[in-house]
1. Looking at the range 389-400, can you tell me whether even one residue there is within 27 Å of Leu253 (Cα to Cα) and of a type in the set (Ser, Thr, Tyr)?
2. In the range 231-251, which residues are out of contact with any Asp or Glu (no Cβ under 9 Å at 6 or more places or on another chain), more than 30 Å from Arg168 (Cβ to Cβ) and open to solvent by 20 Å² or more (accessible area, probe 1.4 Å)?
3. Please indicate, with yes or no, whether at least one residue in the range 257-274 is touching a Gly at 6+ places or on another chain (Cβ under 9 Å), of a type in the set (Ser, Thr, Tyr), buried (at least 21 other Cβ atoms within 10 Å of the Cβ) and over 30 Å from Ala169 (Cβ atoms).
4. Within the range 466-480, is there a residue that is of a type in the set (Lys, Arg) and within 30 Å of Gly355 (Cα to Cα)?
5. With the checklist (1) over 25 Å from the mean Cα position of the chain (by Cα); (2) modelled with pLDDT under 85; (3) of a type outside the set (Asp, Glu) in hand, flag the one item Ser24 doesn't pass.
6. Could you grab me the full set of residues in the range 38-86 that are of a type in the set (Ser, Thr, Tyr) and either more than 30 Å from Ile231 (Cβ to Cβ) or without any contact (Cβ under 8 Å) to a residue 24 or more places away in the chain (or both)?
7. Of the residues Ser487, Ser441, Ser458, Ser432, which single one is touching a strand residue (DSSP E or B) at 6+ places or on another chain (Cβ under 9 Å) and either of a type in the set (D, E, K, R) or at pLDDT below 90 (or both)?
Amino acid sequence: NLVRGTHQMSFGGTMTYSMVNAQSKNSTVPNFSFNGQETGLGMADYFLGKPDTYLQGAPSNAYELDLFPALYAQDAWKAKPNLTVNLGLRWEPYLPWSMRQGWVFNFDANRFHQGIHSTVLPKAPAGLYYPGDPGFPGKSAMHNHWQQFGPRIGLAWDVKGDGRTSVRASYGISYEHIPLFWFSDILTAGPWYNRTNILSPPGGLADPWQGFPGGNYLPLQSVNPQSAFWIPYGDYMNRPYDNVTPYTEAWNLTIQKQVASDWLLSTSYIGSSTIHTWDMKTLNPAAYIPGGPCTMNGVTYNPCSSTSNINQRRLFTLERPQDGQNLGRVSDFDDGGTMSYHAMRLSAERRAAKGASISGNYTWSHCIGLVGGTVDQGLSIGSGYPNLSNRDSDRGNCLSSRRHIVNVTALAESPQFANKTMRMLATGWRLSGIYRWSTGSYLTVTDGTDRALNGVGSQRPNQILADVFKDKSAGPLTQYVNLAAFSLPPLGTENGNLGRAN
């Protein structure tokens, strides 16, 4: 920290080292779900023992390391007696996490189309690469990003120099550091964990592995290049080598005015734009084939498309059956998302009397973007935007967005009593209260079943009535949403006309 004339300069740095040592049997616990595809009611399907999915895998071991260095320089410059300017620059490169035991992978659809196999694990399906393969970046499956610079500028201006009217403004860029838990779903992939998702298991709860190629493969034995195997229709959550780190541009402008001796009024504009938020992109959905009967890889199905043959209709299986039969839910982290936020904030504060004050503020704001991001909502394998070729179809209100927010706070402090006893008993007490009111979160209505029959799900229905509400009284046993306001789209339809988070 150096002071030179009208400049106060600061230089510094941080170094964060994170480590995860985890052994989990979470995937070994059978995970069933029931969506009512048999009877129309999920609970009825449960009592009949008819799940729509069965999920299970081997125990997982995660030994992850993460290094996060950063350097910064800042100058607080007293440009004029009533004007201060702050300039800064932060360098925070992204050095991706690494898995100490090297159990990481990368999948590239172009390598799959060309039939390129791993040189390290040649029995792996085409498209999969592992540490030691050409171009594979160490034990992290992602490249370093060194050129991440975050400039920032701010100013504070005392307009008349009397301390009663001020203007403050700032702009800056900051990068998101991806936490380690975001990579936990890599612990589902073959050949180490081989988690699979069996759809509409014919044996139901009694025997979910009935008819599965090779039967129940658990418990999984130790893995080496000679004994490694890849379970049919395994789960793979992929991180492309060059995924870009999300970053946010933030700016604001605030004007404050002291009125009389006890009022302080302020108005603010706050804005931000987040670039390269991460969303999930499905690489291996099932193709919808209308009608029937039809034959796929030597097996006849009637109808051609149903919930029970989604894995057999997946694109990779239809293209290259020998490799595709080992690839089920394959997802990519898509770094092309954006989010934006704009707000107006009005506030007033009054010191009503000695030891008492009251303040309040009102915020009118709007946040819009895609469903992803490292904060707004976590992502899971197999999920993604339901319009597979149109990422922006999922653009809507942020889950955390609140259009209107009102806050009121009050504080009162007991007086200083002259009497010694009263001073000991009653002086120094404070009574405070907070009132907050805000609009609610947005709602996304989904079909509840996979109408597209593509294995992705989360499709949205058609809205057929202008008013979707039935009873807004919030009384006991009232129905808030009118189910008759929606209709299911035809089978094979990726999405209805309803948007996300309306």
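1. Looking for residues that are within 27 Å of Leu253 (Cα to Cα) and of a type in the set (Ser, Thr, Tyr), one finds at least one in the range 389-400, hence yes.
2. Looking only at the range 231-251, we keep the residues that are out of contact with any Asp or Glu (no Cβ under 9 Å at 6 or more places or on another chain), and these are 231-234, 236, 249-251.
Checking which are more than 30 Å from Arg168 (Cβ to Cβ) leaves us with 231-234, 236.
Pro232, Tyr233, listed by residue number.
3. Our first condition is that a residue be touching a Gly at 6+ places or on another chain (Cβ under 9 Å); within the range 257-274, this holds for 258, 274.
Still in the list and also of a type in the set (Ser, Thr, Tyr): 274.
Pick out the ones that are also buried (at least 21 other Cβ atoms within 10 Å of the Cβ) and you get 274.
Those left that are additionally over 30 Å from Ala169 (Cβ atoms): none.
No: the range 257-274 contains no residue that is touching a Gly at 6+ places or on another chain (Cβ under 9 Å), of a type in the set (Ser, Thr, Tyr), buried (at least 21 other Cβ atoms within 10 Å of the Cβ) and over 30 Å from Ala169 (Cβ atoms).
4. To start, the set of residues in the range 466-480 that are of a type in the set (Lys, Arg) comprises 470, 472.
Of the ones still in play, those that are also within 30 Å of Gly355 (Cα to Cα) are none.
No, because not a single residue in the range 466-480 is of a type in the set (Lys, Arg) and within 30 Å of Gly355 (Cα to Cα).
5. Exception for Ser24: condition (1).
6. Here is the first cut: in the range 38-86, the ones of a type in the set (Ser, Thr, Tyr) are 39, 46, 53-54, 60, 63, 72, 84.
If the condition is that a residue be of a type in the set (Ser, Thr, Tyr) and either more than 30 Å from Ile231 (Cβ to Cβ) or without any contact (Cβ under 8 Å) to a residue 24 or more places away in the chain (or both), then Thr39, Tyr46, Tyr72, Thr84 are the ones that fit.
7. Numbers: Ser487 fails: either of a type in the set (D, E, K, R) or at pLDDT below 90 (or both); Ser458 fails: touching a strand residue (DSSP E or B) at 6+ places or on another chain (Cβ under 9 Å); Ser432 fails: either of a type in the set (D, E, K, R) or at pLDDT below 90 (or both).
After applying the criteria, what remains is Ser441.
Quick grid of which residues meet (1) charged (D, E, K, R); (2) out of contact with any Asp or Glu (no Cβ under 8 Å at 6 or more places or on another chain):
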position: Met19; (1), (2): no, no
position: Thr53; (1), (2): no, yes
position: Lys78; (1), (2): yes, yes
position: Leu87; (1), (2): no, no
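The values are calculated or read from the model by the stated rules, or taken from the named source; none is laboratory data. What you see is a predicted model, and the numbers here were worked out from it, not measured in a lab. Cβ coordinates were reconstructed from backbone atoms using ideal geometry, including for glycine residues, and neighbour counts include every protein chain displayed. Note: accessible area is taken over every heavy atom of the protein model, side chains too, but ligands, DNA and RNA are not part of it. Shrake-Rupley method; radii C 1.70, N 1.55, O 1.52, S 1.80 Å.
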